Amino acid sequence: MKTLKDVRHGHTVRVVRVHGEGAIRRHIMDMGITRGTEITVRKTAPLGDPMELTLRGYELSLRKADAEMIEVE
Amino acid sequence: MAYKIALAGNPNSGKTTLFNVLTGSNQFVGNWPGVTVEKKEGYLKSDHEVVVVDLPGIYSLSPYTSEEVVARRFLVGEHPDAILNIVDGTNLERNLYLTTQLTELGIPVVIAVNMMDVVTKNGDVIHIHRLSDELGCEVMEISALKGTGIAEAARTAVEKAKARMHPEPKHNFSGSVEHAIAHIEEAMAGRLPKGQERWYAIKLFERDMRVIEELQLPAELIAHIEEDIRSCERELDDDAESIITNERYNYITALIRECYTRKNAPGMTISDKIDYIVTNRWLALPIFAAVMCLTYYISVTTVGTWANDWAANGVFGDGWTFFGHFVPGIPSVVENALTNWGCADWLVRLVVDGIIGGVGSVLGFIPQLLVLFFFLAFLEACGYMSRIAFIMDRIFRKFGLSGKSFIPMLIGTGCSVPGIMASRTIESERDRKMTVITTSFIPCSAKLPVISLFGSAIFGGAWWVAPSAYFAGIVAVLCSGILLKKFRMFRGEDAAFVMELPAYHWPTPRNLLRSMWERSWSFIKKAGTVILLCSMLIWFLSNFGVANGRFGMVTDMGDSLLAAFGNLIAWIFRPLGFDEWSCAVATLTGLVAKENVVSTFGVLFGAGELSENGAELWQRLSEMFTPYSAYAFLIFNLLCCPCVAAVGAIRREMHSAKWTLFAVSYQTGLAYCVALTVNQLGALFAGRGSWLGTAAACLVIAGFLYLLLRRKKPAPVAEEKREGAAV
């Protein structure tokens, strides 16, 4: 399974499924990461975590641990 | 008849600006019941019959965060007459997600598309009428910043509120989902509040635990509904919560395609360019350090100190010169006036030393607070605050704190009061509470005289004393983060760091000044009430007592009630190595302001006026303390309950007496344990330890390690979730 965590900077991927459960998963989906969404990975923070993404026309930051729950194509 | 309009929208959508324009200065700030989320209400400027309620900035009406729950409870429970939904026009897609949920509540919704000036400048077009037809509610174009369109939007919302209609949402889910929802509505017939059937049915479909709890459905009914949900889930190969979210977003994507014409393909915006440098791998930390130094330097070191000195030594001190004219300070003016009126000496002393002295030392912080809050408001409003969280998250989340906890801690090195109040920028309620509790562990500038006195008197000015005090403070913060997180009240899933990085923009001076004033004013009010009472109480206790067999004002503090009380509680500090009553009294007076610890020793030892480093006291102190009991005393005073002003700030931020009490007890308890360990182990290594003391110290260490290392129990949310699934 390829997850968002493995995507290199500057690449754009499409979401297959959001794994996990509970509040964090719902929050991720509420922010617009749903099946079929295109996400561009912009960069990671200077200390290596979290990541900065572009999706649905805005910038979102997400921890790598949470990015691991997002399966991508 | 009063009408209620709820103002709802995403964070960073310009909601606060709109609220300020709509209500002007007719605002009341309170907090939502049960949570430390700020509640703002105000009368509409153009129509005093209408109350506008500012809901917290939210992305969704999910049942998870306290902000969302508060908003839901208000919308569903109190049923406002209309919702004014502010939507960021430059980020329509994500903003409309909340809109699709708001339209299901059976309350008329008016959408105000904000930042239209930016949209137009980019050459983009939003087809308002189309959007209005599709969503089934009025859509207005506004710019909260420029002030355009707001009056019309407000008027439309008021009209809708007065018409009292129950609109039907136009947006539909796919066939199989609608089928399941219809089934649920049917099964629940008569059990759901009128006009809100669809909202409840969708929430039941999502297995929303709060709604299930609220409705208290019989088990067979839940099982019946569960069947409908399961079959829909099988058909769409996904779980119900994702199905709803996906479909909402798919609907919006289709809507945007029709209603939004983009002129240029999205390229590098100005915001992207700024972020290219500001959150750059190599430059981010240096830039962050520079911004923090500048903020700290201006608000605490230069302007802050200058203004503080003026306020504390000038206005509330002897006096100050204004363009060459000497202006006497408030205390001397009041003292002269009272003496001239022939007031009793004790009354003069109470007013001048007790009230003006106590409250004045607190109000002396105001200029510093104003400067600091101005900077914080700027950092917050321009968008840099979320970048700080982005940069610092990695370090702080290890200790259960937020990336934004750094700012309160840094400011806390100057003064805990603004530090504690700066915690308001932290979104997660749990992180905010933990930051409020731990900020005063960082030695503030008032604790420095205490550190330097003991460093010189006992440790011969050793270089390591001051750094070790800061180190102890930082370790206390970090350990508390880990430790508190494991208690039930702080438990719960780690607040997700799924955070929007909003586009940078210039804040308006009006908004900055307003935010600065609001925060400072809430502190001034506190100074006028709680802090005033405490100052009077401590003044009374330290000036009255029994001398020569009768009760009255005493000249020697050794005869005062405070000293008697100190005697009474001195035994508590025996395990810490300082059981002389003067130590207890010094600690108590330290509650007014920590630098009082030094001056109290001065008074009690009869040293008279103290020099800068308190050299007059060294001899007595070194007789009284052993090195380890001195260090224990120092640590205790640094970590224990902070000064009255800081406790006032804690109370202000916690919105709860219970939480304030918890914070203060935790701080004092921790201070006691650490000081005890320092003293007992110090004695042990010096070869003078007792087996009882050593055992106590070992017990404290063992207990501490247990609390620190024990496994975190699973979050209650997850438990409920599993129970729900089992049903």
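None of the figures in this text is laboratory data; all of them are computed from the coordinates on show. What you are looking at is a predicted structure, and each value in this text was computed from that prediction instead of being measured. Reconstructed Cβ throughout: ideal geometry from the backbone, glycine too, with neighbour counts over all protein chains shown.
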Problem set entry | Overall dimensions of chain A as given by Cα atoms, namely Rg and Dmax in Å | 10.9, 30
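Mind ordering B:22-29, A:6-13, B:105-112 by average Cβ neighbours within 10 Å, highest first? Please report the intermediate quantities before stating the final value.
Details: B:22-29: 15.2, A:6-13: 13.1, B:105-112: 25.0.
Output ranking for B:22-29, A:6-13, B:105-112: B:105-112, B:22-29, A:6-13.
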Exercise. Can you give the charge dipole size of the range A:4-72 about its Cα centre, rounded to the nearest 20 debye, using +1 on the beta carbon of Lys and Arg and -1 on the beta carbon of Asp and Glu?
Worked result: 120 debye
Seminar exercise, completed: Here the averaged projected area of the range B:415-464, based on the convex hull of its alpha-carbon atoms and given in nm², is 4.1 nm²
Problem set entry | Over the range B:169-218, volume per residue of the alpha carbon convex hull, in Å³ | 80 Å³
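Apply the Kirkwood formula to the range B:1-146: the hydrodynamic radius equals the inverse of the mean of 1/r over all pairs of different alpha-carbon atoms; give it in Å with one decimal.
Numbers: mean 1/r = 0.0646 Å⁻¹.
The answer is 15.5 Å.
Under the definition of partner shielding as Cβ atoms of other protein chains within 10 Å of a residue Cβ, what is the mean value for peptide A:38-44?
Partner Cβ neighbours, averaged per residue: 2.
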Problem set entry | Average beta-carbon neighbours from other chains, 10 Å sphere, peptide B:383-389 | 1
For this session: Kindly rank B:240-250, B:206-216, B:9-19 from highest to lowest mean number of other beta carbons found within 10 Å of each residue.
Result: B:9-19, B:240-250, B:206-216
Problem set entry | Cα gyration tensor shape for the protein assembly as shown, rounded if a/c is under 1.5, else prolate or oblate | prolate
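Kindly state, as a whole number, the per residue volume in cubic angstrom of the convex hull around the alpha carbon atoms of the range B:13-65.
Measuring per residue, one finds 95 Å³ for the Cα hull of the range B:13-65.
With both partners inside chain B, how many of the DSSP beta bridges are antiparallel, as a percent to the nearest 5? Walk me through the numbers on the way to the answer.
On the way: 22 of 42 bridges.
Roughly 50 percent of the beta bridges in chain B run antiparallel, per DSSP.
If you place +1 on the Cβ of every Lys and Arg, -1 on the Cβ of every Asp and Glu, and leave all else neutral, what size is the dipole of the protein assembly as shown about its Cα centre, to the nearest 20 Debye? Could you put the intermediate results ahead of the total?
Details: 77 positive and 81 negative charges, 245 e Å.
Approximately 1180 debye in magnitude.
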Problem set entry | Averaged over B:664-674, number of beta-carbon atoms from partner chains that fall within 10 Å | 0
Seminar exercise, completed: Of the convex hull drawn through the C-alpha atoms of chain B, the volume per residue in Å³ is 216 Å³
Problem set entry | Rounded, prolate or oblate (a/c below 1.5 giving rounded, otherwise prolate when a/b exceeds b/c) for the range B:166-278 by Cα gyration tensor | prolate
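From Cα pairs below 8 angstrom and at least 6 apart in sequence, can you work out the relative contact order of the range A:4-72, rounded to a whole percent?
Values: 121 pairs, mean separation 26.9, N = 69.
Worked out over the range A:4-72, it gives 39 percent.
Helix-derived [θ] at 222 nm for chain B: sum -39500 (n - 2.57) over DSSP H runs of at least 4, divide by residue count, nearest 500? Don't skip to the end; give the middle numbers.
Working: 35 runs with 410 residues, N = 727.
That comes out to -17500 deg cm²/dmol.
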Problem set entry | Largest-first principal axis extents of the Cα set of the range B:112-159 (Å) | 31, 24, 9
